[in-house]
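The values are calculated or read from the model by the stated rules, or taken from the named source; none is laboratory data. None of these values were measured; they are calculated from a predicted model. Using ideal geometry, Cβ is built from the backbone for each residue, glycine included, and neighbour counts are taken over all protein chains shown.
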Amino acid sequence: MSETTGGDEETVISMEDVEVHFDSSASFLDGIFGEPDKVKAVDGVSLEITENEVVALVGESGCGKTTLGKTAIAAQRPTGGSVKFRGQDVWDAKDGKGDVQIPHEEIRKSLQIIHQDPGSSLNPNRKVVKILEAPLKRHNKDLNIQDRRARIHGMLETVGMTPPEDYSHRYPHQLSGGEKQRVALIRALLMNPDLILADEAISALDVSLRIEMMDLFLELQDMFDTSFVFISHDLSNAWYLTEKADGLIGIMYLGKLVEIGPAREILENPQHPYTKALMWATPDLAMTADDDEMPLRSIDVPDPVDPPTGCRFHTRCPEAREACKTEMPPLDAVEADASGRHNAACYRIYDDHEYWDSEPLPLEEEEDEEAGDAAGDDGAAAFGSGD
């Protein structure tokens, strides 16, 4: 597979052929009489995240983006492949295997997370100052109480929570959703992390606050030289973040990374039909979609326990041909991209692939007119939901 990042910056996280397979929620009898089916949440993904980089992972519900993000910050153990932090295998460090150069405790400190619902991760019985003091006491034991309070007040002021002395003595229930998210962000940054996973971190906020919060993320990311992985089902939010940060948008589908590249390149030169479908379903990006018709055969997502053979998107892809049914296309470089950072997993990026000589897949029988209209109306809604 081609490199998915560019530049000379040092790699923070390197994931190679990562797999995360879960047992499906089988019935009691299934557990007795046979092996439970496996959900392939992430299935053979390779990705590098460099210093001070922003990567946004986008896709429908169940595509594996959150699982991949948690694997990147060592919150989820992969069932296959490897995850390395600055060259150190994360799980070898955890298990004490081999010559461990970076202790697991240091790795976990360097990899932080901000959840979609910050209220659930903030102790409701503790004031903000106590919540934020906890990581400083644990990892900066040389600081006295005055130094800790000064740092906390400084961070509160930096994120716009003024006067900081007032906010520091509030409980979480006395904060708005945006203020809770700011506290969660401060807590992560107090660890001086190398990478922060923001898991749908703005989706619960009012639309009017999302731009403000994204600008704050980017300002602090630059200030602290921290890399970010943003998880989002909203392609327009991903575009805003990565365009301003010169970052990457990664498109995931059924456990696979099917396209990744710079924001402008993805939006102006999408190579994978699934990326085009996501664009079509994003009202803010409607000007990039030329076709009024839903660019899908079906809005139904296949069962992740038994994904389609070959390209997993071929059952929904309007461009699918017989060649797409046999083998999953590799995530390969898009030759027309001068940056060298745009990769796609689609046979259509090759001018001389056998795809072009194979037969187009026949369309399924047309539904009656009423059902067809309903599918078109529901298509955008289906793409706009999920975690």
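Listing for the model above:
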read-out: Tally, over segment 152-183, of residues that are buried (at least 21 other Cβ atoms within 10 Å of the Cβ) and outside any helix (DSSP H, G or I); value: 2
read-out: Filtered residue count, segment 126-144, keeping only those that are over 27 Å from S176 (Cα atoms) and among the aliphatic types (A, V, I, L, M); value: 1
read-out: The lone exception for I145 - which of (1) out of contact with any Lys or Arg (no Cβ under 6 Å at 6 or more places or on another chain); (2) at pLDDT 95 or above; (3) among the β-branched types (V, I, T) it fails; value: (2)
read-out: Extreme residue, nearest to the chain's Cα centre (by Cα), among residues of segment 329-341 that are at pLDDT below 95 and assigned to a loop (DSSP other than H, G, I, E, B); value: R341
read-out: Residue tally, condition in contact with a strand residue (DSSP E or B) (Cβ under 7 Å, 6 or more places away or on another chain) and either closer than 22 Å to E10 by Cα or surrounded by 22 or more Cβ atoms within 10 Å (Cβ to Cβ) (or both), over segment 79-90; value: 8
read-out: Test: E60 is of a type in the set (D, E), in a helix (DSSP H, G or I) and either within 25 Å of the chain's Cα centre (by Cα) or under 30 Å from H21 (Cα atoms) (or both); value: no
read-out: Test: residue in segment 258-265 that is more than 17 Å from the chain's Cα centre (by Cα) and not basic (K, R); value: yes
read-out: Checklist (1) touching a strand residue (DSSP E or B) at 6+ places or on another chain (Cβ under 7 Å); (2) at pLDDT below 90; (3) of a type outside the set (K, R) applied to A371, failing item; value: (1)
read-out: Looking only at segment 342-365, and only at residues there that are within 18 Å of R312 (Cβ to Cβ) and among the hydrophobic types (A, V, I, L, M, F, W, C), the one that is modelled with the lowest pLDDT; value: L361
read-out: Filter pass, F217 being assigned by TED's automatic domain parsing to the domain that holds T50, over 26 Å from D284 (Cβ atoms), hydrophobic (A, V, I, L, M, F, W, C) and at pLDDT below 95; value: no
read-out: Verdict on S110 being assigned by TED's automatic domain parsing to the domain that holds V305, surrounded by fewer than 19 Cβ atoms within 10 Å (Cβ to Cβ) and within 19 Å of the chain's Cα centre (by Cα); value: no
read-out: Single match in H139, H153 (criterion: touching a Ser or Thr at 6+ places or on another chain (Cβ under 7 Å) and not assigned by TED's automatic domain parsing to the domain that holds E219); value: H153
read-out: Conditions (1) modelled with pLDDT under 90; (2) surrounded by fewer than 14 Cβ atoms within 10 Å (Cβ to Cβ); (3) in contact with a helix residue (DSSP H, G or I) (Cβ under 8 Å, 6 or more places away or on another chain): number failed by P124; value: (1)
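Residue-wise test of (1) farther than 30 Å from E105 by Cβ; (2) at pLDDT below 95; (3) more than 14 Å from the chain's Cα centre (by Cα).
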position: Q174; (1), (2), (3): yes, no, yes
position: L185; (1), (2), (3): no, yes, yes
position: L190; (1), (2), (3): no, yes, yes
position: L195; (1), (2), (3): no, no, no
position: E212; (1), (2), (3): yes, yes, yes
position: M223; (1), (2), (3): no, yes, yes
position: D246; (1), (2), (3): yes, yes, yes
